[in-house]
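Below is one structure, written out as structure tokens; the observations come after it.
Read the figures in this text as sums done on the coordinates, not as results from a lab. Only a predicted model underlies this, so the values are computations on that prediction, with no experimental measurement involved. Reconstructed Cβ throughout: ideal geometry from the backbone, glycine too, with neighbour counts over all protein chains shown.
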Amino acid sequence: MKINFSIRSFLVFLAISFTVPAVLLFGYFEAVNGVQQARAEAREMNREAAILIQHDLAGSLKEFQGIAEALAVDIDFKALRFKDPDSVRNMLRKHPALVFLLLNDKGVSVATYADNREIRAGIDYGDRDYIKQTIKTRQTVISGAIQSRTANSAAVVFCVPLIDEDGVLRGMLGSGVPTDQFRTNYQLAPEQFAMITDTFGRTVSAINIQNTPPQSNDELFDVGVAPIGWKVVVGLPHTYVMARARHAIYSAAMVAFVCTLIGAGVASLVAFSTVRGLDKIGRQVEGMSAVDLKPIEMSETAPYPREVRSLIGNFNNLLDRAARTRQVEFDAISQIADTVIIVRPDGNITYMNGAGVKSFGNAIGKPLKDLIGEDAVHHVLSRENPREWKGDVALKISAGETIDGFVSSTPVMENGKLTSAIIIVQDITREKAAREAMVQSEKMITLGELVAGTSHELNNPLAIVSGYADLLLQETLEPEQRTKIEGIRSSAHRAASVVHGLLAFARKRKGERIQTGANSVVEATLQLKEYDLRTSGIRLEKELDPDLPAVFADPNQIQQVLLNVINNAQDAVMTADVRTIRIRTETSDGKVSIGIEDTGTGISKEELKKIFDPFFTTKPLGKGTGLGLSISYGIVRAHGGDIEVSSQAGRGTQVLITLPAYTPLEPEAAVATPGDVVLSARRFLVVDDEVEIGAIVQRILRRGGSSADIAATLTEALALASANVYDFIISDIKMPGGSGIDFYEKLCSIMPMYRRRFVFLTGDTSNPATIQFLEREGLLYFPKPFDFRVLEAVLREAESQATRG
């Protein structure tokens, strides 16, 4: 016979019949009475405590007011200083948190006193309300809590007027007391709590605040503190108010307990017959696992409640839907592009989708460490603390190569134990190379800006050295002295050429192809690397053909190619027994060749095929991006040339760069020597923040019969240009307080006649913004450090332009 009934309905009926009416009636009357009495007592306790705390705070106000007014007696009203500073210091030692300020009759501080910090004088407090009120009433005024400008914290200020014998207000004494100095000595009951808030609602002090705050305002009592506008709030937690109701609740609970025992006895008799059947169902559920889900078997004749039969039926239906869903999910996983792997706790692979088989081969049954490495497996299969893990690893694919991969794993737990792990593997080789290239590019941009800024600053002292050397060479000197000064001048210009080379390399200028000597580009490149190679113990050998024809190229780009090749050669020879780099130039069949050989470790045959591929490098991680040779290859090919690399492992490397020779269609006309033409006597204004550079230019101009004034700032230059008439203005571009471009625009807006009479000095002729401005305005310039002959040529051209304009 099939028995089908609801035990839950029967038990609920019994519980309601025996317990609910008694609990509701008895507990209601007892709880209401206890709450009313407790609230009355709580309010009276809170009122008494709040008034006593109010008295404590009022006493603190009087104490600090008395200190301020007592110190005010000891002030010299005329000097606005304390007659006896020791009394102030003694007071600050007793109260280190206090700050005293002497203010004049306008509210500006003239002297400050503090124990453990510096307080700046000269601050205007005239906008404070307590200052205005003190001046108006001529009585001591106490502010509410304000944000102190001196202590940078909330404080109460006591402002005492300083009135002399004639009744004149000479100033004020301000005493700043941090709000945390106002403490109360009143001891609350253990269950009470209190809060003191300032005029901004911020908490100044809290007593027993860890007690639970009340759920309503019935148990709170608040009182104000005059004249600072503070509020004292005292209260009791809601638990105290409900204490009187606990007895009634306890009595009701005892009645409910007795009724529950009776109901439980009846319910147990009814439910006992179903216990064995439910226990059997429980054992079936306990025997299941995540990979072994079976339907629950249930007898049709056992006395199971209707709810249990419905639950088991729904559970079996859910298992069937979960099995179908799981199969669909596995089918979807097998089709995704990333590799999905399932591995057992022992590290062996039990599943791999189609993408994984394509990349790694059929690895089912093989150890996971063969694919992602032992270190990554330690994180994925950690048994002490199984958790999700993500990280970059080196992956070994079926082709025998190693690629960059991103691995994310999720542990599958059952009863707190690791049963398997699901791993997703992504190939990020291209993404990682792109990220590294971007990081390297940002580093090179930053380095370029640093080199450009440093090089610009070097040009000023180099201009001074070369300028004074040129001035000395125009004097009558002994041969030995002249030789030494020429050596100084030559070294300064050599340093200047290195600086200009750094600037040209740092600035990413648009390529400009000109008639260029390959030997000069090689020499300029070696100047940048000579010291580094020498200190690295590398021998440099040069074989440069002196009769080499010119090439039509951008010298800066060719220099970049040579630097890349020489840097690679330097890295290659550092681990060799013999460290030698040989550079030679020669011409053949209308082509110019630059060969660079090294005695380094060489390149294997397999790697030699990839050296021009972007992001390919044989250097260790962090030493190179794999972009140098690919960029160099593009530059040389764009110039109509070719670059070839030959090497053998252990036998060094040879790089041959070939460029087409260039022959002009007709010879260039001879240019007149700048020093052969004498400048006209003119009046000049020289503007440069480096006073010595201005003095050198002034002496050069005066020797030619001209006069020159010097200005070191833009303000001084504008004043001189407005007050005098100059034939020409020679101005530096980069100066503190404003650039020469600013000076040009301001002066020409006032006096347009100077628009064609400016000549600029610049230490950074590779700055695109500067060159763009000079070309747009059609202005002449000469670089720092400058040669006298170049200066004369530029000034002659400026005079010609001014005449045409």
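In table form, for the structure just shown:
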{"item": "Pair ARG387, ASP547: separation of 7 Å Cα→Cβ label points (nm)", "result": "7.7"}
{"item": "Compactness of the range 70-191 - radius of gyration and Dmax, Cα, Å", "result": "15.2, 58"}
{"item": "Translational D in µm²/s for the range 504-593 (Stokes-Einstein at 25 °C, 0.890 mPa s, Kirkwood Rh from C-alpha pairs)", "result": "173"}
{"item": "Considering only the range 510-588, percent of DSSP beta bridges that pair antiparallel, nearest 5", "result": "40"}
{"item": "Debye log10 I(q)/I(0) at q = 0.19, 0.30, 0.34 Å⁻¹ for the range 760-803, Cα point scatterers", "result": "-0.60, -1.10, -1.17"}
{"item": "Length added when fully stretched, SER153-THR410, from 0.36 nm per residue minus Cα-Cα", "result": "87.4 nm"}
{"item": "Built amide H within the under 5 Å cut-off of ALA550, gap 5+", "result": "TYR662"}
{"item": "Cβ-derived FRET efficiency at R0 60 Å, GLU165 paired with HIS378, nearest 0.05", "result": "0.10"}
{"item": "Stretchable slack from ARG306 to ALA769, in nm (0.36 nm times residue separation minus alpha-carbon distance)", "result": "158.0 nm"}
{"item": "Fully extended contour minus Cα-Cα distance, from HIS55 to SER604, at 0.36 nm per residue", "result": "188.4 nm"}
{"item": "Cross-link table LYS396/LYS417; LYS369/LYS390; LYS358/LYS390; LYS484/LYS734, entries beyond 26 Å C-alpha to C-alpha", "result": "LYS396/LYS417; LYS484/LYS734"}
{"item": "Estimated distance in nm for a label pair at HIS493 and ILE123, the labels positioned 7 Å out from Cα along Cα-to-Cβ", "result": "6.2"}
{"item": "Sites GLN139 and GLU44 - FRET efficiency at Förster radius 45 Å, r taken between beta-carbons, to 0.05", "result": "0.75"}
{"item": "Residues GLN187 and GLU480, FRET efficiency given R0 of 60 Å [Cβ-Cβ distance, rounded to 0.05]", "result": "0.05"}
{"item": "Stokes-Einstein D for the range 677-805, Kirkwood Rh over Cα pairs, 25 °C, 0.890 mPa s (µm²/s)", "result": "169"}
